[in-house]
Amino acid sequence: MPRRQPARALLALRRMQKRITDSFIRGLDGRWTCVEPVTLKYPPRLIQVRAGTTWGPEDCLMGVKIAKLLDACMDTRRACS
């Protein structure tokens, strides 16, 4: 059973990365803007985001720095390409 949990987490991360690509754009200033409604699966939370919402690197939602989370997901995705 312990082997399945990391595989599930990786699968969830891949799905989230695909959705992030479709749902957010990153500005040159490092701010992220949501372009369509999306729910981020960030264990142990589900974070619902409305279109038009923008975050800078230090802005938090429910204790999560969303811009830094999105940057990390995009960095991971680039490394896997």
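If the condition is being at pLDDT below 85 and within 10 Å of the chain's Cα centre (by Cα), then the range 41-71 contributes Lys41, Tyr42. When the range 36-61 is filtered for residues that are assigned to a loop (DSSP other than H, G, I, E, B), surrounded by 13 or more Cβ atoms within 10 Å (Cβ to Cβ) and in contact with a Ser or Thr (Cβ under 9 Å, 6 or more places away or on another chain), only Thr53 remains.
The values are calculated or read from the model by the stated rules, or taken from the named source; none is laboratory data. As the structure is a computational prediction, the values presented were derived from the model and not from experiment. As a convention, Cβ positions derive from the backbone with ideal geometry for all residues, glycine included, and neighbour counts pool all protein chains shown.
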